[in-house]
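> Take this structure first; my questions come after.
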Amino acid sequence: MKSMPQLELETGVDGAAPPRRERTEGHWPHHGAKEPAPAAFMTQMVKKRLDRSRRQWGCAVNALLVTFIIVALPAMAILFGARSSASAVWVANALRLGSATTSHDTDKLLGGLLSADGFDDERSCHSRFQSARYRRNAGKRPSPYLVSKLRQHEALQRRCGPGTDAYSNALEQLGSGKMQSYDGGECRYLVSISYSYQGLGNRILAATSAFLYAVLTGRVLLVDPSNHMGELFCEPFPNATWLLPPDSFPLKGYTNFSVETAESYGNMLKNNKIIKTDDAARMPPPAFVYIHLNHDASGGLDKLFFCDEDQRALRDIQWLLMRTDNYIVPGLFLLTGFQEELGMLFPEPDTVFHHLGRYLLHPNNHVWALVTRYYDAYLATARQRVGIQVRVFGADRESPELLKQITSCTRKENLLPELLTAAEPETANAVPAAARGQSKAVLVTSLKSWYYEKLKSMYWEQGTVTGEAVGVHQPSHEEYQRFRAKSHDTRAWAEMYLLSLTDVLVTTGASTFGYVAQGLGGLTPWVMYKPPANGSVVADPPCGRGVSMEPCFHDPPAYDCKTKKWADTGKIVPHVQHCEDVSWGLKLVPRIA
C-alpha cells in the first residue's frame, strides 16, 4: 500500500504583521440586481455606447502614437546620434505600452469567457474588468462551446438560485427529510463545503471542481460561505449568487458532515439506502446525499462516485452536498458518460482550471487593491517577473538545502542570472547600457522571510554576470499557518494572484498554493522536486518543467469501474496521467496528437 499523501494545510501566505516603516521592500504598500426595467435598459445601452466610443478613441490615440514614432524614428536617430540605443529603448517601451492598452481593450472579457451583460457596475468588482491589463500572458482562448455552456449555467443560477420560488420549494422539500422522488424539474443543487482547517488553495480547487461537476450535471452551485469565500471573491454569476444562504438552510449540521455521516454516499450504499439498478420498483431517492471525497474517504465506496453506474444513481437526487480537499477534475475525465461533453468543453484538456479559475475566481475590491498596489510598486516596470513559491512541508524551519535548491533551479534554467565571483571585477562601464536597463523582479511567497532575505542579500551584495539588475520582493511573512483568520486568507489570495501575474514561475511540488497561481496565469511551472532524506540533501536535479499547468489530484480513485478491479487509473485515459510531483496522483496533460 502506498502511504497517504500529506494533506496541504498551508495557504503559503507570508505576513500578517503590519510592515515596519523603515523598510521599503517586501511589504504591502499602504492603503490609501435584478433584470433591468425598460428605462434602465435604455440607460445601460447609452452607457455601453459611450464606453465603446471611449475604447475606439483610445485605439485611435494609440494608432496615432505609433504612426508618429515610425515617422519620427529616422530623425530621432540622426538627432541623438550616439544615444540611438537609448532612443530605441524608448521607442520599444512606447510601442509596448500602446500594444498592451489595445490588447486589454479587445480582450477584457477573456475571449468571451466572461459575460458582457449583467455586470454593468464596474465599481462592484474591479478585478473582473481590470485583470486583463495586468497580464502579459493573454492565456488560452476558451472554446465556443464552453462559452455557450457558461451562459446557460448563468441562466440556470438565475432561474433556480436563492431568492427564486424554485429554490424556496426545493428548501421546503429538503427540510421535510422524507424520502421522495425527484419531480423531473430542472432545479437540482450541489453544495460545496470544506473543513475550517483546510488552506485556501485547497478550498479554491474544491470549489472549482464542484463548479465543473455542477455544469456537467446541470446543477446550481452553492458554496458554503463559512470559510470567507464570500469575503474574498466577487460573485461570478450575473444577477445571481453562488453563496449558500446558511440561515435558511435546513441541514443545520452540514458543515460537520464527515466520512462517518450516515447520509454519505458510501454509507448509504453499504446500508442499502441507495439501490444502483434501473428496477422500476426501487425505493425513491433520498432527499439529499453527502459526497465525501476528502483525503480520508474510506473503503473505496465513496470513490465509486467516479463510476458511471454510480453517477446514474445520483442523477435523480435533488440535493447533493460535496466535501473535498482535492482537485477532483481528473477523476471526472475517467467517467465515460462525461468524456464527450468534456471533449467539447475543453479541446485542450490541460486548460480546465485555467479557464474555470479565470471565470469563477475574481478577487474582491479589497484583495484587488492589495494586488494592484503591490504590482504597481514592485513589479510593473520590470522587464521580466520571476515568481518563486516556497512551501516547507513537515518541520517548520529554514532550510539551507531548500535555498540551494531554489538557486540551483533558477540558474540552471536561466531564470535568474549568475552572480559574479569575488575574483571578477564589478566594472559597470563594461556592461552594455541596454543590458543594464533590463531588470528582473523576483516575487517570493513563503510563510518564512528567511528565503527572501537570503536571495535579496545575494543580488545586493554581488553583481550579476549579465549586468542585469535583480530586485527581490516578498509581500508578507506570517511565519506559520493561521487557520480561520480572514487577514491570512486575504493575503494568501492576493499573493496567489500576484504569482499568477509573473512571466515565469517556480513552485514547490505538491503545493495547492502553487497550483492555483500556475493555473490562473496559464503558466507551466518549473517544479522543485521533494528531496530525499527529509530535506537534508539538495534534490538532484533541483527542478523540472511541469507536464502541464493543471493542478494534481492528490487522492484519486484506484479502481477501474469497467473491469471492477483495482487498477492504475493513470493508464485508462491518455490525457490523464500521473503527476510529476505526486507519483500516485493524477493530472490532465495535453492530448497526444
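The values are calculated or read from the model by the stated rules, or taken from the named source; none is laboratory data. Since the structure is predicted, the reported quantities are computational estimates derived from the model, not experimental observations. We place every Cβ from the backbone using ideal geometry, glycine too, and count neighbours over all the protein chains shown. With ligands, DNA and RNA removed, areas are computed over all heavy atoms of the protein, side chains included. Shrake-Rupley method; radii C 1.70, N 1.55, O 1.52, S 1.80 Å.
> For residues that are more than 23 Å from Arg135 (Cβ to Cβ) and open to solvent by 30 Å² or more (accessible area, probe 1.4 Å), tally how many sit in the stretch 379-414.
Residues meeting the conditions: 13.
> Here is a further query. Checking the condition assigned by the TED database to the domain that holds Glu550, under 25 Å from Leu356 (Cα atoms), in contact with a strand residue (DSSP E or B) (Cβ under 8 Å, 6 or more places away or on another chain) and not polar (S, T, N, Q), which residue from Val465, Val504, Val470, Val444 passes?
The conditions single out Val504.
> Scan the stretch 312-334 and give yes if some residue there is under 24 Å from the mean Cα position of the chain (by Cα) and farther than 26 Å from Thr261 by Cβ, otherwise no.
Yes - at least one qualifying residue is present in the stretch 312-334.
> Is there any pair linking a residue in the stretch 143-171 that is assigned to a helix (DSSP H, G or I) to one that is open to solvent by 60 Å² or more (accessible area, probe 1.4 Å), with Cβ under 6 Å and at least six apart or on different chains, and which?
Pairs that qualify, where the first residue is assigned to a helix (DSSP H, G or I) and the partner is open to solvent by 60 Å² or more (accessible area, probe 1.4 Å), are Tyr145/Met344.
> For residues in the stretch 230-261 being of a type in the set (S, T, N, Q) and in a loop (DSSP other than H, G, I, E, B), which is most open to solvent (accessible area, probe 1.4 Å)?
Looking at the filtered set, the residue picked out is Asn239.
> Now for a separate question. Scanning the stretch 262-294 for residues that are small (Gly, Ala, Ser) and crowded, with 20+ Cβ neighbours inside 10 Å, which turns out farthest from Gly177 (Cα to Cα)?
Among residues in the stretch 262-294 that are small (Gly, Ala, Ser) and crowded, with 20+ Cβ neighbours inside 10 Å, the one farthest from Gly177 (Cα to Cα) is Gly266.
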